[in-house]
1. R0 = 30 Å: FRET efficiency of residue 73 with residue 106, Cβ-based, nearest 0.05?
2. For the chain, build the convex hull from the C-alpha positions and give me its volume per residue in Å³.
3. Where does each of 10-18, 30-38 land if you order them by average Cβ count within 10 Å, highest first?
4. For the pair residue 121/residue 58, report the inter-label distance in nm, with labels modelled 7 Å from Cα in the Cβ direction.
């Protein structure tokens, strides 16, 4: 963790904590704390979606393509992708809370919040700089391993 994606070694471990909170609300800090408290890897969307290997992100995009079309395969894909993690945080955890609770009914849910005005001030520069049309991102990011899948993920996330 700590800016580097955790990769589980023991795939039999199940998610114990679901930390739901928008990005930039302290999800990285809580992920680091949970990694220490639970003594296991934490899936943090911000770290995983930008730093894992290309094949991993491609598989994630294949799974989200099943959302709303095949609930059983979607759930199976989530379970397979999250196998071995002690906790999940950041996006897409807050978008998938019902599905995650169905998969991990004994998991504890932690709501991560932040003052609205401060959160907005921290997000505004990011959102305001997203002026490139999504179609252009497809072309611009295609040569970049892992990042090439970002437009697919963003399209799914905006529909959620």
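1. 0.80
2. 115
3. Highest to lowest by the protection proxy: 30-38, 10-18.
4. If labels sit at residue 121 and residue 58, their model points lie 4.4 nm apart.
Read-outs throughout are calculated quantities, based only on the coordinates presented, and are distinct from any laboratory measurement. None of these values were measured; they are calculated from a predicted model. No Cβ is skipped: glycine too gets one built from the backbone with ideal geometry, and neighbour counts run over all protein chains shown.
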